[in-house]
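Asker: I'd like to ask some things about the structure below.
Any read-out appearing in this document is the output of simple, stated calculations on the displayed coordinates, not a laboratory observation. Bear in mind that the values here come from a model prediction, so they are computed numbers and not experimental data.
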């Protein structure tokens with residue numbers, strides 16, 4: 001009987017030590033334990049997360065997104081673009097994209113006299129825009145008695161009469177109506193603001209009441225984007 005009792009006590013001691021060893025295993029839930037077992041989440045997908053999430057990234061991220069992302073940012077984001085010169089990032093020139101094509105064709109069939117000035121008034125830029133002129137051309141039907149080319153210039157009608165551009169149209173062949181045809185086409189470059197009143201072409205020739213036309217082309221610069229600083233003359 002005494003021997004059985006000793007065996008029973010010895011077995012209980014072994015069982016106690018086994019339980020104590022299990023509780024002290026490296027897989028214990030002790031917060032100071034560095035050997036953490038990985039956990040596989042099988043559902044739900046996506047897994048809802050509450051509270052604040054902090055993420056640290058040391059390598060490339062590959063993120064798939066098929067919907068709309070709403071991202072709140074209260075600090076400063078530093079974004080680096082890694083495109084090479086062989087594969088540059090597409091860019092948009094905001095000022096260029098906002099340009100409006102400008103073309104003003106002005107006719108005058110009332111020009112008469114030898115050497116008299118004839119006037120051609122171009123369309124003014126709308127409010128908030130600046131005209132940037134790029135090309136000037138013209139066609140004239142003048143007297144068959146003319147012996148010198150057509151001469152003209154463009155100016156704004158202000159107190160200072162700012163000079164913009166000039167041209168000469170050489171004499172050509174007679175048309176069916178007996179007029180000498182004169183024409184020219186030339187690039188130009190000047191700037192004109194709406195505040196400068198009117199832009200006018202002043203042309204002199206030996207007129208014969210023919211058809212005469214000047215064409216000015218360029219683009220309108222959006223002053224809300226560029227600010228349209230004052231033109232230095």
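Asker: Please give the length that would be gained between residue 195 and residue 97 if that part of the chain were fully extended, namely 0.36 nm times their separation in residues minus their C-alpha to C-alpha distance (nm, one decimal).
Answerer: 32.9 nm
Asker: To continue, here is another question. Mind jotting down the three principal axis lengths of the range 189-233 based on Cα atoms? Whole angstrom, largest first.
Answerer: Largest first, the range 189-233 extends 46, 20, 18 Å along its Cα principal axes.
Asker: Sticking with this structure for a sec: Kirkwood hydrodynamic radius, computed over distinct alpha-carbon pairs, for the range 100-225: how many Å, to one decimal?
Answerer: Result for the range 100-225, one decimal place: 15.0 Å.
Asker: Okay, moving on. Per residue Cα convex hull volume for the range 78-138, in cubic angstrom?
Answerer: Dividing the Cα hull volume of the range 78-138 by its residue count gives 160 Å³.
Asker: When each pair of different Cα atoms in the range 119-171 is counted once in the 1/r mean, what is the Kirkwood radius in angstroms, to one decimal?
Answerer: 13.6 Å
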